[in-house]
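Chemist: One structure follows; several queries about it will come next.
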Amino acid sequence: MTNWTHTNALKAELAARARALGFDACRVAQCGAPPHAAEFGQWLDEGNAGEMAWLGRNKARRVDPGQVLPGARSVIVLGMNYWQGERGISKGLEGNFARYAWGDDYHQLIEGRLKELNGWLVERGGTQKCYVDTGPVLERDQGALAGVGWHGKSTMLISRELGTWFFLAEILTTLELPADEPARDRCGSCTRCITACPTGAIDAPYHLDARRCISYLTIELKGSIPEELRPLIGDRIYGCDDCLTACPWNRFAQASHETAFAAREGTRMALVDLLGLSEEEFRRLFRNSPVKRVKRRGLLRNVCVALGNTGSPRDVPALEQASRDAEPLVREHARWAIGRIGERYGTELLELADNSAP
């Protein structure tokens with residue numbers, strides 16, 4: 001029989017340790033099937049995941065924590081604030097990186113702290129599985145069940161205290177901890193996130209077609225970005241924050257104390273400078289950064305699209321150089337960008353070419 005006095009004390013100590021490690025939320029859900037398991041399956045069946053086939057491969061495990069950790073009784077859900085205030089906002093000539101990618105790779109930082117919590121739980125008799133955005137867990141369902149936040153109409157989790165700017169992590173444990181109350185949906189009649197989406201990817205409240213989402217197009221998609229969607233991407237070169245920024249609950253957000261999430265050099269570079277990066281320079285600039293995930297070819301593909309949407313004739317020489325890049329993906333998008341600038345500037349672009357001719 002569970003000793004609730006003991007487990008409440010254990011949970012309180014766990015929360016204190018989590019806070020000391022830099023987590024801004026630490027709450028518990030009872031282990032069980034996530035409430036949106038059926039919707040998740042339907043979403044996959046409709047093809048909304050695009051090329052993210054790994055979501056389907058782990059489908060059964062994602063909706064049954066017991067398959068991930070036999071004997072699991074509780075899910076500890078942790079949140080870490082990454083909002084940097086207005087520091088590091090793009091100044092116009094720079095590409096627009098999603099805020100979560102400004103600083104160091106959150107996976108590495110949070111995994112190290114989860115390891116510390118896991119060790120502490122092991123000493124108290126628990127067996128755990130720890131994940132941060134990489135495991136077979138419907139983490140937003142678990143976050144809502146634990147009361148960290150609620151599902152917004154953007155499909156993102158929203159917190160009363162943190163707004164939309166936080167990372168989620170989960171610890172599945174065989175320890176039985178008192179569950180917290182689920183969060184109540186506080187979106188009301190607001191649809192700002194839906195209106196803000198540049199590509200119409202949020203095609204209904206609480207439903208996202210990832211194939212149109214700029215985060216998917218600039219990060220998850222490995223090949224060519226569909227031409228009809230390229231103009232809608234604007235200057236975004238790694239992810240998109242528009243649906244997050246639009247949320248009125250962000251008025252309560254406070255700047256993170258975690259200095260590792262502050263903007264790095266590479267995320268503040270001009271687009272044409274990013275376009276000129278060699279493989280070695282890319283690796284140096286984005287070492288231990290989330291951006292390294294798309295590799296040089298993916299980032300330069302995105303930079304070409306951004307220049308096609310926002311560039312001027314003075315950017316054409318850099319794009320012409322990129323049109324001869326060793327990577328076919330970069331060459332294709334560079335040629336598209338040159339054509340887009342030509343459509344906007346016409347005669348001026350021709351004059352620039354004449355003046356630069358030998």
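Chemist: Could you give the dipole magnitude of the chain about its Cα centre, charging the beta-carbon of Lys and Arg +1 and that of Asp and Glu -1, in debye to the nearest 20?
Modeler: Using only the charged Cβ atoms, the result is roughly 580 debye.
Chemist: If you average the sequence gap of Cα pairs under 8 Å that are 6 or more apart and divide by the length of segment 203-358, what percent do you get for the contact order?
Modeler: It comes to 24 percent, rounded to a whole number.
Chemist: Taking loop as defined by DSSP and a crowding limit of 15 other beta carbons within 10 Å, which trypsin sites (Lys or Arg not before Pro) in segment 131-178 fit?
Modeler: Arg160
Chemist: Take peptides 274-282, 290-298 and line them up by average Cβ neighbours within 10 Å, highest first, as a rough protection proxy.
Modeler: 290-298, 274-282
Chemist: While we're on this one: Counting only other residues whose beta carbon sits under 14 Å from that of Ala20, what net charge do I get with K and R as +1, D and E as -1?
Modeler: With Lys, Arg at +1 and Asp, Glu at -1, the net is -1.
Chemist: Now for a separate question. If I take every Cα pair under 8 Å that is 6 or more residues apart in the chain, average their sequence separation and divide by the length, what percent do I get for the relative contact order?
Modeler: Result for the chain is 20 percent.
Chemist: A follow-up question, please. Could you work out the relative contact order of segment 68-142? I mean the mean sequence separation of Cα pairs under 8 Å and 6+ apart, divided by the number of residues, in percent.
Modeler: Result for segment 68-142 is 36 percent.
Chemist: Quick one: net charge of Trp150's neighbours, Cβ under 12 Å, K/R +1, D/E -1?
Modeler: Cβ neighbours under 12 Å give a net charge of +2.
Chemist: So how do 222-229, 177-184 stack up, highest first, on mean other-Cβ count within 10 Å?
Modeler: Answer by packing, highest mean first, reads 177-184, 222-229.
Chemist: Taking H as built 1.01 Å from N, whose amide H comes closer than 5 Å to the amide H of Asp104, not counting residues under 5 places away?
Modeler: Close amide H contacts, sequence-distant or interchain: Phe261, Ala262.
Chemist: Which residue, Tyr131, Cys304, Gln42, has the largest displacement toward the positive end of the dipole of the chain when charges sit on each Cβ (Lys, Arg +1; Asp, Glu -1)?
Modeler: Tyr131
Chemist: What are the extents of the Cα atoms of the chain along their three principal axes, in Å, largest first?
Modeler: Answer, in whole Å and largest first: 86, 38, 37 Å.
Chemist: Let me ask something else. About the Cα centre of segment 224-278, what is the dipole size in debye to 20, counting +1 per Lys and Arg Cβ and -1 per Asp and Glu Cβ, all else neutral?
Modeler: With Lys and Arg at +1 and Asp and Glu at -1, about 160 debye.
No lab work stands behind these numbers, since they all come straight from the coordinates. Nothing here was measured: the structure is a model prediction, and the numbers come from that model. All Cβ positions, even for glycine, are placed from backbone atoms using ideal geometry, and neighbour counts span all protein chains on display.
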